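**Q** There's a structure below that I have some questions on.
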Amino acid sequence: MSDTASKLFVVSGPSGAGKGTLVARVREELPNLGLTVSATTREPREGEVDGTSYYFLTPDEFQRRVDADEFVEWAHVHGHCYGTLKSEVERNLLQGSSLILEIDVQGALQVRERMPEAVLIFIKPPSLEVLAERLRNRGTETEDAIALRLSNARRELALQDRYDEIVVNDDLDEAVGQLIGIIENYERN
C-alpha cells in the first residue's frame, strides 16, 4: 500500500514563465505523475504532434465539445481556445497516481470551481522584463503577439493570490526542486 494520496496538481502562470519546461523536468524526476494532453484551436508549432503535444481541433469541433460539456476547463487565450478534456483527467486519475495539468490561469480558476480539492500552483517569472525576453527568445511570436501576452501576464499576475502555492522561476533547478517538494508534500498530507 502506498503512503501517498493521488492529487490533481494544476500548474499555471503567464505565457513564457517556463511552465512547460518545469513540468517536463518534474516529470523526469516523478515519472508516475500523470499528464493530460490539452486541446487547442491554434495551429501546431514546428515539432508539435497532434495527440501528444495537443489535440489540435478546428474551432467548430472545439465548440461542439464545449456544448457537449466535455471539458473540465477551457478558455479563449491569445486569440485561440484551449481546454482540458474531462476524459483526459478521468483517464489519468483512474490509473491511481497523481496528475499534473499545465494550463492557463483562466482554466486553473475553472478547475478550482469544479474540483476544489485540486492544488493550484502559480509559476511566476522573476519580472515582466525577463518574461518579455523569454517570449522574444522563443522566436515564435510577432511583437504584437508578445505585447498581447505581456498584457495578459499583468492580469494573470494579479490573480496569483488565488493559488495554493507560488514558485518563482528564476533559477530552473531551484524552481524544479520547489515544485517537486510541493507535490511530494501534498501527496503525503
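**Q** Look at residue 132 and say whether it is surrounded by 14 or more Cβ atoms within 10 Å (Cβ to Cβ), under 17 Å from the mean Cα position of the chain (by Cα) and either of a type outside the set (Phe, Trp, Tyr) or at pLDDT 90 or above (or both).
**A** No.
**Q** Please work out which one of (1) touching a residue at least 60 places away in the same chain (Cβ under 8 Å); (2) part of a strand (DSSP E or B); (3) touching an Asp or Glu at 6+ places or on another chain (Cβ under 6 Å) is the condition residue 101 fails and give its number.
**A** (3)
**Q** So residue 107 clears everything in (1) of a type in the set (Gly, Ala, Ser); (2) part of a loop (DSSP other than H, G, I, E, B); (3) surrounded by 12 or more Cβ atoms within 10 Å (Cβ to Cβ) except one condition, right? Which one?
**A** All conditions are met except number (2).
**Q** Considering only segment 42-51, I want to know if a residue exists there that is modelled with pLDDT under 95 and under 13 Å from the mean Cα position of the chain (by Cα).
**A** No - not one qualifying residue is present in segment 42-51.
Quick grid of which residues meet (1) out of contact with any Gly (no Cβ under 7 Å at 6 or more places or on another chain); (2) part of a helix (DSSP H, G or I); (3) within 25 Å of residue 119 (Cβ to Cβ):
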| site | (1), (2), (3) |
| --- | --- |
| 21 | yes, yes, yes |
| 31 | yes, no, yes |
| 37 | no, no, yes |
| 44 | yes, no, no |
| 48 | yes, no, no |
| 60 | yes, yes, no |
| 65 | yes, yes, no |
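The values are calculated or read from the model by the stated rules, or taken from the named source; none is laboratory data. Treat the numbers as computed from the prediction; the structure is a model and nothing was measured. We place every Cβ from the backbone using ideal geometry, glycine too, and count neighbours over all the protein chains shown.
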